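In what follows, a single structure is set out as structure tokens and then discussed.
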Amino acid sequence: MNVKRNIQVSQPLLGETESRYMNDALNKGAISGFFGEYIPLFESEFAQYSDCAYGISTTSGTTAIHLALLTLSIGKDDEILVSTLTNMASFFPIIYQGAKPIPIDIESDTWNLNPALLEEKITPRTKAILVVHLFGHPVDMDPVIAIAKKYNLFIIEDCAEAHGAIYKGKKVGSLGDIGCFSFYANKIITTGEGGMITTNNTDLAKKARNLKGLAFGDTNKFMHKDIGYNYRMTNLQAALGHAQFEKIEIIIESKRKIAMFYSEKLNGLATLQLPVEKPYARNVYWMYHIVLQGKATNKRALVMQKLLESGIETREGFIPYNMQDIFIRKGWTNFKECPEANNIALRSFYLPSSPSLSEAELDYVVTNLKKVLKSI
Ligand SMILES: *Cc1c(COP(=O)(O)O)cnc(C)c1O
């Protein structure tokens, strides 16, 4: 018996409450980003969940990062230290601001920025460290926080892949000055498109909220306080977010179960490096990211193709900043700047990681992956 499967790399978990809350917002005519009860509700519940006093929703993870930089007054020629291995959405907003991203190479096991490499990159122009909790595993924050204190730097957390991840008992998004989340369709929870910044700083929260809504004036609305942006999430999206938020722990538990299943079954293969969970971390395993090694090192395209032929969709890992043609051509970076990231970039990919995957489907993925790895 050969059942034709079609296992996608990621599908959101949507249900009846999503449509109920969205219809409620629609029926009340509360569809914009200025009115409606779901915006403050979703902002406060998500902020509280992330150990923060304030949550300010945005239109995407990218605009959340941009809003964080604007709020911290990061501008022309400021230098920001960033993990090189990430979605380039971590880098683009730095460039929008005329600031200069400085890529930091990664740890070979967590694939997160290596804190030991930060200090040598600090100059009088350095203003902030932007950490990325990649694939759901928190960055080792204590050394990052110590360096930020020593050199008086801001910490911005890119938590787009790590909602609910925990570092030494504290949620990501609360470990620096501002946390940035994405609610794109494939993230831990989704609003279709959307984002949020989180902070415990009252002044920063106030400034961010004003900037994201065109910086209208207090007494005279149309005497603007600043150059504003329209980064407002709509109440319709927040209604979706509220429904998703009710499931966040269920989704994370599913992701963790999927990861445990894969790790148990794939453990010990000479051809694979698997994700880790450090003693300081609760990894939320946004995607189950693996790295080919040994005789499979140069076979990523073939492995992915063979899996696809069996109805298993996979996705390549990120290409680091220092390998991006657009930045190399500008002379901002060079291929050799971050050797550890380069070393894994072209041999990594992720396996199907949807929270709805059944054990039979996971078993099918594992069986086929093992078969492919054996055959090459
Ligand atoms: C998805 C993602 C972003 C961007 O979020 P969008 O909502 O797609 O703009 C930023 N950083 C990381 C690490 C991401 O994975």
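Please treat every number below as a calculation from the coordinates, not as lab data. The model shown is predicted, which means the values in this text are computed figures rather than measured ones. We place every Cβ from the backbone using ideal geometry, glycine too, and count neighbours over all the protein chains shown.
LEU272's amide H: which non-local residues (gap 5+, or another chain) put their own amide H closer than 5 Å, with H modeled 1.01 Å from N in plane and none for Pro or chain starts?
Amide H to amide H, under 5 Å and 5 or more residues apart or across chains, LEU272 pairs with GLN293.
Report, by chain and number, residues whose modeled amide H sits under 5 Å from the one on ILE312, excluding near sequence neighbours (fewer than 5 apart, same chain).
Residues meeting the criterion, in which the H sits 1.01 Å from N, are ILE7.
Looking at segment 175-309, how many pairs of lysines come closer than 19 Å at the Cα, when each pair is eight or more places apart or spans two chains?
Close lysine pairs found across segment 175-309: 16.
Could you tell me what fraction of 2.2 N^0.38 Å the Cα radius of gyration of segment 71-161 comes to, as a two-decimal ratio?
Working: Rg = 12.0 Å, N = 91, 2.2 N^0.38 = 12.2 Å.
After normalising by residue count via 2.2 N^0.38 Å, the value is 0.98.
Using the Cα gyration tensor of segment 238-376, with a ≥ b ≥ c the square roots of its eigenvalues, what is the shape: rounded (a/c below 1.5), prolate (a/b larger than b/c) or oblate (neither)?
Details: a/c = 1.84, a/b = 1.19, b/c = 1.55.
Oblate, because a/c is 1.5 or more while a/b does not exceed b/c.
Which ³J(HN,Hα) values in Hz, rounded to whole numbers, follow from the phi angles of segment 91-108 under the Karplus curve 6.51 cos²θ - 1.76 cosθ + 1.60, where θ = phi - 60° and Gly and Pro get x?
Each residue's phi maps through the Karplus curve to give 8, 3, x, 4, 6, 3, 7, x, 8, 10, x, 10, x, 10, 6, 9, 7, 6 Hz.
What ³J(HN,Hα) values, in whole Hz, does the Karplus curve 6.51 cos²θ - 1.76 cosθ + 1.60 give for segment 315-332 when θ = phi - 60°, with x put for Gly and Pro?
Values per residue, Gly and Pro as x: 9, 5, x, 5, 9, x, 3, 6, 10, 7, 3, 4, 8, 5, 4, 7, x, 7 Hz.
Using only DSSP helix segments of four residues or longer, with each worth -39500 (n - 2.57), what per-residue ellipticity at 222 nm results for the chain after dividing by its residue count and rounding to 500?
Details: 12 runs with 131 residues, N = 376.
Mean residue ellipticity, 222 nm, calculated: -10500 deg cm²/dmol.
Provide the per-residue ³J(HN,Hα) series for segment 290-300, in order, calculated from phi with Karplus coefficients 6.51, -1.76, 1.60 and θ = phi - 60°, each as a whole number of Hz, with x at glycine and proline positions.
10, 10, 6, 9, x, 6, 8, 3, 9, 10, 4
Based on the mean of other beta carbon atoms within 10 Å per residue, what is the order of 43-55, 74-86, 323-335, most packed first? Walk me through the numbers on the way to the answer.
Numbers: 43-55: 19.5, 74-86: 21.4, 323-335: 13.8.
By packing density, highest mean first, the sequence is 74-86, 43-55, 323-335.
Taking the 0 to 90 degree range and rounding to the nearest ten, how far is the long axis of helix 16-27 tilted relative to the main principal axis of the chain, both from C-alpha atoms?
Helix 16-27 sits at roughly 30 degrees to that axis.
Which one of ILE56, LEU308, GLY268 has its Cα pushed farthest toward the positive end of the charge dipole of the chain, where Lys and Arg give +1 and Asp and Glu give -1 at the Cβ?
LEU308
Report, for the chain, the % of DSSP beta bridges that are antiparallel, rounded to 5. Show your work: numbers first, answer last.
Details: 23 of 42 bridges.
Taking every DSSP beta bridge with both residues in the chain, the antiparallel ones total about 55 percent.
Semi-axes of the equivalent ellipsoid of the chain: what are they in whole Å, largest first, if each equals the square root of 5 times a C-alpha gyration tensor eigenvalue? Intermediate results must be reported in sequence, preceding the final value.
Details: eigenvalues 235, 149, 57 Å².
The answer is 34, 27, 17 Å, longest axis first.
Rounded, prolate or oblate: which fits segment 108-248, taking a ≥ b ≥ c as square roots of the Cα gyration tensor eigenvalues, rounded meaning a/c under 1.5, else prolate when a/b beats b/c? Provide the component values of the computation, followed by the final result.
Values: a/c = 2.49, a/b = 1.25, b/c = 1.99.
Oblate, because a/c is 1.5 or more while a/b does not exceed b/c.
Roughly what angle does helix 359-375 make with the longest principal axis of the chain, taking Cα atoms, 0 to 90 degrees, to the nearest 10?
Tilt relative to the chain: about 60 degrees.
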